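Have a look at the structure below before the remarks.
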Amino acid sequence: LPEPPLDAAILEGAGEQGPFDLVAVTDAPEKAHALFQSVHWPLRLRFLGAPPGVPWKFRWFDSERYLLSYVSHLRRMGFGDRLVVYVDAFDVAYMGCGRNLSKVLEELGRPMFFGAEFD
């Protein structure tokens, strides 16, 4: 499958703001109040989605496809080593972190890390 197109406004300054990129995929960013209000400069929360006028179709693995499209854009722009933190849009808030997350990930010796919650 080809990369889904991303809204050009979302890509503006990608990889250049804050210590890492914080992204979520949703078709209703207006419902992500807690997350949006918890993110402060220099971080910028980016809601990945289609450009205006392109119909949104949320199917299985669309979140992953939009995330892959964003990471591919970063690589093309020379930010291939940029840390991207992907978060759920509706039931999370960013509480900040005094640690260098890029260094922590490097110390794990892995290019990716997934956190999971068990109920």
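Quick notes on this one:
- Kirkwood hydrodynamic radius of the chain, Cα pairs, Å: 15.2
- Charged-residue dipole, Cβ positions (Lys, Arg, Asp, Glu), region 29-81 about Cα centre, Debye nearest 20: 120
- Here the accessible area is traced with a 1.4 Å probe on the protein chains. For the chain, carbon and sulfur cover 58 percent of it.
- Mean residue ellipticity (222 nm) of the chain, computed from DSSP H runs ≥ 4 via -39,500 (n - 2.57), nearest 500: -7500 deg cm²/dmol
- Rolling a 1.4 Å probe over the protein heavy atoms gives region 16-83 an accessible area of 64 Å² per residue.
- Peptide packing: for 37-47, 97-107, 22-32, the average count of neighbouring Cβ atoms within 10 Å per residue gives the ranking 22-32, 37-47, 97-107, highest mean first.
- One decimal place: the segment Ser102-Arg76 gains 7.4 nm when fully extended, by the rule 0.36 nm per residue minus the C-alpha distance.
The values are calculated or read from the model by the stated rules, or taken from the named source; none is laboratory data. All figures in this text were calculated on a predicted structure; none of them were measured in a lab. When we count neighbours, we look across all protein chains shown, and the Cβ atoms used for this are built from the backbone with ideal geometry, even at glycine. Ligands, DNA and RNA are stripped out before the accessible areas are found, and what is left, the full protein with its side chains, is counted by its heavy atoms. Shrake-Rupley method; radii C 1.70, N 1.55, O 1.52, S 1.80 Å.
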